[in-house]
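Here the structure comes first, spelled out in structure tokens, and everything after it is commentary.
No lab work stands behind these numbers, since they all come straight from the coordinates. Keep in mind the model is a prediction, meaning the values are calculated, not measured. Neighbour counts run over all protein chains shown; Cβ positions are idealised from the backbone, glycine included.
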Amino acid sequence: MPQRRSHVSSSATRSELASALAALRESSEAPLEFPPGALAEAETSTATAPELDLRDVPFATLDPAGSRDLDQAFHLARAGTGYTVRYAIADVPGFVVPGGAVDTEARRRGQTLYAADGSIPLHPRALSEDRASLLANVDRPALVWTFDLDEAASVQDFRLERALIRSRAQLEYMTTQQALDRGDDGPAALLPEIGARRLEQERSRGGASLNLPDEEVVQGADGAYSIERRSPLPVEEWNAQLSLMTGMAAASLMLDAGIGVLRTMPEPDDAAFTTFRHQTVALGRPWTSGTYGEYLRRLDRADPVTLPVLEAAASLFRGAGYVVFDGAPPTDTVQAAIGAPYAHATAPLRRLVDRWSLVICLAASSGAPVPEWARASLPELPALMQESGQRASRLNSTTINTVEAALLVPLIGTTIEATVIELRGERASVQIADPAVTATAPVPADVKPGDIVRLQVVNADIAAAEVEFAV
């Protein structure tokens with residue numbers, strides 16, 4: 001489940017909000033600076049020599065505009081009635097010395113943290129945004145997955161190899177979507193076809209996706225704040241299917257090898273499904289047939305009620321965690337939202353656990369023993385990732401609260417309308433349409449999900465990230 005993430009545009013960089021967000025990032029629990037030893041090691045470590053030379057393959061990357069930490073590159077081709085997909089992952093294991101300064105610091109951080117005004121990276125930027133990043137028109141070592149797909153884009157075979165690659169293009173979402181809409185040829189030309197077939201594979205597995213919109217906060221000439229929401233483009237969903245396919249392949253490799261780390265999530269229980277069904281009825285968009293994944297896919301993104309429905313659906317995407325095994329596989333191996341065993345293995349520049357997954361998968365794919373450092377440290381991963389995940393969640397939550405307080409400052413003393421999403425005792429989670437804010441507020445005793453309530457904005461404190469309402 002992707003987290004809501006706010007971004008501050010350049011027009012707001014000198015605002016009170018930007019100052020509050022900068023203070024928030026500086027006061028976060030994650031260290032902002034790297035130790036000198038880690039910085040020096042990131043500049044000088046030598047990558048493991050690749051086994052293959054795939055520089056003749058025209059790989060391309062696809063990321064948000066301006067990205068520098070490029071974890072993945074793809075090459076898509078027809079193969080008879082099916083397809084060959086090559087998916088290259090930054091060879092972070094080849095650069096990071098086990099037990100070295102970069103490794104030690106990465107274990108302390110766990111993952112890259114994202115605030116509205118910048119990031120706190122997992123690795124020194126010399127590594128994550130330069131030497132290990134799959135930037136265009138430079139030779140880079142990579143761990144390359146090669147998938148043989150049939151006409152339905154179902155995986156028939158795959159392998160993982162260490163190779164030298166050279167990406168030819170750094171694509172970004174918006175212009176790539178526009179090019180695909182025009183029917184232009186290019187490195188992503190097959191992505192809609194393969195992505196759509198992989199989405200059908202997801203549907204047949206009973207999988208589900210919750211694509212909450214990103215948010216951008218802007219400040220007008222009058223000093224007032226507004227928020228712009230951007231739902232994921234189709235090309236982002238198609239691209240995500242390549243990563244999901246790889247994560248499922250990684251899980252199967254590790255399960256067959258009898259050692260690894262899986263990303264699991266339990267199926268929502270009957271009570272959660274019942275609650276969500278009631279909420280969809282109350283919101284006027286009842287879930288009456290099909291799986292919850294099919295229901296979410298049918299929602300009209302242009303419908304203003306879709307956002308409250310997605311906010312309510314977030315309760316079905318809880319309980320994800322990591323489970324490690326060395327010997328017998330775990331009892332529960334499935335990530336319920338994906339509908340299959342799954343592992344994080346495609347973002348090693350930004351997430352610690354992926355380095356272990358890739359090292360184990362590479363050993364399993366080649367028939368080599370798993371490196372002792374990876375086997376010995378495997379039990380530590382769930383706690384490291386849980387701690388970093390909680391840190392990221394707190395930063396994200398406080399960031400959102402800070403942004404939403406800024407949006408409501410101009411409305412202090414006024415009365416606004418909000419849609420009730422979920423009741424929480426005498427308070428409720430509510431969705432305000434304009435400005436686009438999700439908040440907790442007191443509500444009358446007789447309200448139910450889907451009702452429209454009128455709330456007075458009593459106070460909005462940007463620095464404290466707090467908003468106060470009254471009925």
Difference of contour (0.36 nm per residue) and Cα-Cα distance, VAL218 to ALA436: 77.2 nm
Peptides ranked, highest mean first, by Cβ atoms within 10 Å: ranges 125-134, 338-347: 338-347, 125-134
³J(HN,Hα) computed for each position of segment 251-258 - Karplus, 6.51 cos²θ - 1.76 cosθ + 1.60, integer Hz, glycine/proline x: 4, 5, 4, 5, 5, 5, 7, x
Dipole magnitude of segment 98-246, debye to nearest 20 (Cβ charges: Lys/Arg +1, Asp/Glu -1, about Cα centre): 600
Estimated inter-spin distance, ARG424 and THR84, nm [label 7 Å along Cα→Cβ]: 5.3
Relative packing of peptides 161-169, 462-470, 76-84 - highest average C-beta neighbours within 10 Å first: 161-169, 462-470, 76-84
In sequence order, calculated HN-Hα J values of segment 18-28 (Karplus, 6.51, -1.76, 1.60; Hz; x Gly/Pro): 4, 5, 5, 5, 4, 5, 5, 5, 5, 9, 5
Distance in nm between pseudo-label sites at VAL447 and ARG182 (7 Å out along the Cβ direction from Cα): 4.8
Other-chain or far-sequence residues with amide H under 5 Å of ALA433's (modelled H): THR419
Cut-off 12 Å, label 7 Å out along Cα→Cβ of ARG394, residues of segment 15-50 by amide N: 27-31
Amide H within-cut-off set for ALA115, under 5 Å, with H built and near neighbours excluded: ILE120
Paramagnetic label zone (point 7 Å from Cα along Cα-to-C-beta, ALA152; backbone N under 15 Å) in segment 206-226: 206-207
Computed P(r) (all Cα pairs; segment 352-444; 10 Å bins; percent): 13, 27, 19, 14, 15, 10, 1
Extension gain from ARG375 to ARG230, taking 0.36 nm per residue of separation minus the Cα-Cα distance: 48.0 nm
Estimated FRET transfer efficiency (THR415, THR331; beta-carbon r; R0 51 Å; 0.05): 0.45
P(r) weight above 27 Å for the chain, C-alpha pairs, percent: 58
Amide H contacts under 5 Å for ALA208, placed H, 5+ residues apart: ILE338
Euclidean distance of C-alpha centroids, segment 82-113 and segment 211-257, integer Å: 20
Value in Å of the Kirkwood radius, where segment 146-283 supplies the Cα pairs that are averaged: 18.8
Directionally averaged shadow of segment 390-471, computed from the convex hull of its alpha-carbon atoms, nm²: 5.3
Table column - 3J(HN,Hα) (Hz), segment 326-336, Karplus curve with 6.51, -1.76, 1.60, x for Gly and Pro: 8, x, 5, x, x, 5, 10, 10, 8, 8, 4
Inverse mean reciprocal Cα-Cα distance (Kirkwood Rh) of segment 237-351, Å: 15.8
Extension reserve of the ALA368-PHE273 stretch, reckoned as 0.36 nm per residue once the Cα distance is removed: 29.8 nm
Sorted peptide list for 241-250, 149-158, criterion being average Cβ within 10 angstrom, highest first: 241-250, 149-158
Cut-off 16 Å, label 7 Å out along Cα→Cβ of ALA257, residues of segment 348-365 by amide N: 348, 353-365
